[in-house]
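Single-structure report; data block below.
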Amino acid sequence: MASKKAAAPVGPYTPAVRAGDWVIVSGQLGISDGALVPGGVAGQTAQAVENLKARLAEHGLTVHDIAKTLCFLTDMDTFATFNEAYVAGFGGARPARSTIGVAALPFGGAVEIEAWAYKPQSAVKQAEAKPAVKKSSVKKSATKKSATKKKSTGATSRKARR
């Protein structure tokens, strides 16, 4: 799965860890190339979401696998701006979320987003091992099932009449 390279961690921690069927992504700031991105809360939120997506992609997941996010804002008066950028970044994904006001964040960030994503390891392994299915074989399979179903329905109807 191709994706942008995730931002380097800004401290002595692991950016994402698989724990059984869960992938926990450490808080992501609005950092790119080692510096906060311009654009205030909107810009930092958009970049934090992109960084989060990159961390998830490293483990074969997307934002649709996220069950819960924990978001931190240094100014709760910016919540509406944050929320707008968050929704834009997450598209149709709507994980459970908590948003907390904090006094400060590392590197002077205004936003930080942590995520807990759920994807059974067996599903990840199956997706990696699954060969591509050709459309023609899918159609043949569906046609065979349909013909079999018609035959069995007819046989059942004849038995019922006897």
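The values are calculated or read from the model by the stated rules, or taken from the named source; none is laboratory data. Small disclaimer: the values here were computed from a predicted structure and weren't measured. Because the Cβ atoms are built from the backbone with ideal geometry, glycine has one as well, and the counts that use them run over all protein chains shown.
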(request) Pick out the one residue from SER122, SER141, SER157, SER136 that is of a type in the set (Ser, Thr, Tyr) and either at pLDDT 95 or above or surrounded by 10 or more Cβ atoms within 10 Å (Cβ to Cβ) (or both). (result) SER141
(message) Could you tell me how many of the residues in the range 58-78 are closer than 15 Å to LEU105 by Cβ and not β-branched (Val, Ile, Thr)?
(response) 6
(request) Please go through the range 65-107 and pick out each residue that is of a type in the set (Phe, Trp, Tyr), in contact (Cβ under 8 Å) with a residue 24 or more places away in the chain and in a helix (DSSP H, G or I). (result) PHE82, TYR86, PHE90, PHE107
(request) Can you tell me which residue within the range 32-57, out of those that are of a type in the set (D, E, K, R) and crowded, with 17+ Cβ neighbours inside 10 Å, is nearest to GLY108 (Cα to Cα)? (result) GLU50
